[in-house]
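The values are calculated or read from the model by the stated rules, or taken from the named source; none is laboratory data. Small disclaimer: the values here were computed from a predicted structure and weren't measured. Cβ sites come from the backbone with ideal geometry, for glycine too, and all protein chains shown count toward neighbours.
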Amino acid sequence: MGIITIADLDDYWLPTKEHPAHALIVKNELHKKIVDNIRAAKYVTTTTEIFAQEIKKINKNVFVLPNAINPNEPQFKAQTEKSDKLRFGWLGGSSHLHDLKLLEGTFSRLSSIKDKYDLYLCGFDTRGTVTEIDRATGQERQRPIKPEETVWAKYEEIFTNDYRLIPNQEYKDFLMKYKQEEYSNEQFYHRVWTLPVTSYAKNYSKFDVSLAPIKNHIFNRMKSQLKVIEAGFYKKAIIASDIGPYTIDLTHSLQNGNFVDGNALLVREHRNHSDWAKYIKKLIDNPTWAEDLGERLYETVKDKYDLNTVTDTRAQIYKNLK
């Protein structure tokens, strides 16, 4: 009928086995259907040049339209309160357990200075169900998931070293209740509950430095750099894995122990065991550099990933399609 078809794709079609959706995707052959759609479409749009090169193996007509931010949206305008401590945070969803495992042991190595910084785990969510299978009959039944069974409880164990970094028994008991309430006394670790998609980014206002660990595999390498963009619009410093999407806009700013021009701290894969703690401590000791990195990152992303800029590009691409 002469209708131009465009497939838009921002995730690699087959997550690794550790991803919660892997089994479902393989069972229903969704990855094959996605590839068929890519092949059938006249054009494809995606979020990074890295992913575009992978898609071009199937369909050569690919345009890159990165994720972008509307800076006037209220969730990107929340103010960060002043603090005498540097605050580090992670904000994400429920499919990142193996990414966050890269941080295992990090906060234990910093236990002697945990009075000098605060730690925020943002997006905490205990909703969901568990499917149980009767071994005798094979019958399946679903029940509400218990809070301690959720992936978020596992995340929290990583951030608190299985709660050993929380010596206050009262606070530990409070956390074990999994109630969406504020704890009245000041603590080193902060659990921050999930927010709707229209306001989730407000949680960036709670900390000064964003942590962005990702494991090195094809699904992660094809991801977008959205965490970088979000942190940048909030003028937050970022410590990220030196992998895939985080190599697009970030340049390492530490050389021979000294700060140099750059807009981030990047952790190489073979240094996961040590450099997360090393770089966190470096910023704790030099909080003004954390502020400077946030400003540098903002300058990197503020025009390039403004929704108005990307929308103009998208419109021009669409108008010129034949």
Select, from Arg141, Arg135, Arg164, Arg127, the only residue that is surrounded by fewer than 16 Cβ atoms within 10 Å (Cβ to Cβ) and touching a strand residue (DSSP E or B) at 6+ places or on another chain (Cβ under 8 Å).
-> Arg141
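Where in the stretch 257-322 are there helices (runs of 4 or more DSSP H), lying wholly inside it, with at least 1 residues that are closer than 30 Å to Asn61 by Cα and without any contact (Cβ under 8 Å) to a residue 40 or more places away in the chain?
By residue number, 307-320.
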Wholly inside the stretch 35-104, strands (runs of 3 or more DSSP E) that include 2 or more residues that are touching a Phe, Trp or Tyr at 6+ places or on another chain (Cβ under 7 Å) and of a type outside the set (S, T, N, Q) are 86-91
Just name the residue that is modelled with the lowest pLDDT out of those in the stretch 117-163 that are among the basic types (Lys, Arg) and touching an Asp or Glu at 6+ places or on another chain (Cβ under 9 Å).
-> Arg141
Restricting attention to the stretch 107-157, the residues that are within 23 Å of Thr194 (Cβ to Cβ) and among the charged types (D, E, K, R) number exactly 10
Restricting attention to the stretch 1-29, report how many residues are under 24 Å from the mean Cα position of the chain (by Cα) and either outside any loop (DSSP other than H, G, I, E, B) or in the same structural domain as Gln225 (by TED's automatic domain parsing) (or both).
-> 6
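Test of understanding: among Ser199, Ser184, which residue is at pLDDT below 95 and of a type in the set (S, T, N, Q)?
When all the criteria are applied, what remains is Ser184.
Yes or no, residue by residue, for (1) without any contact (Cβ under 8 Å) to a residue 60 or more places away in the chain; (2) in contact with a strand residue (DSSP E or B) (Cβ under 7 Å, 6 or more places away or on another chain); (3) farther than 20 Å from Ser224 by Cα:
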site: Pro20; (1), (2), (3): no, no, no
site: Val26; (1), (2), (3): yes, no, yes
site: Glu29; (1), (2), (3): yes, no, yes
site: Glu54; (1), (2), (3): no, no, no
site: Asn61; (1), (2), (3): yes, yes, no
site: Asn70; (1), (2), (3): no, no, no
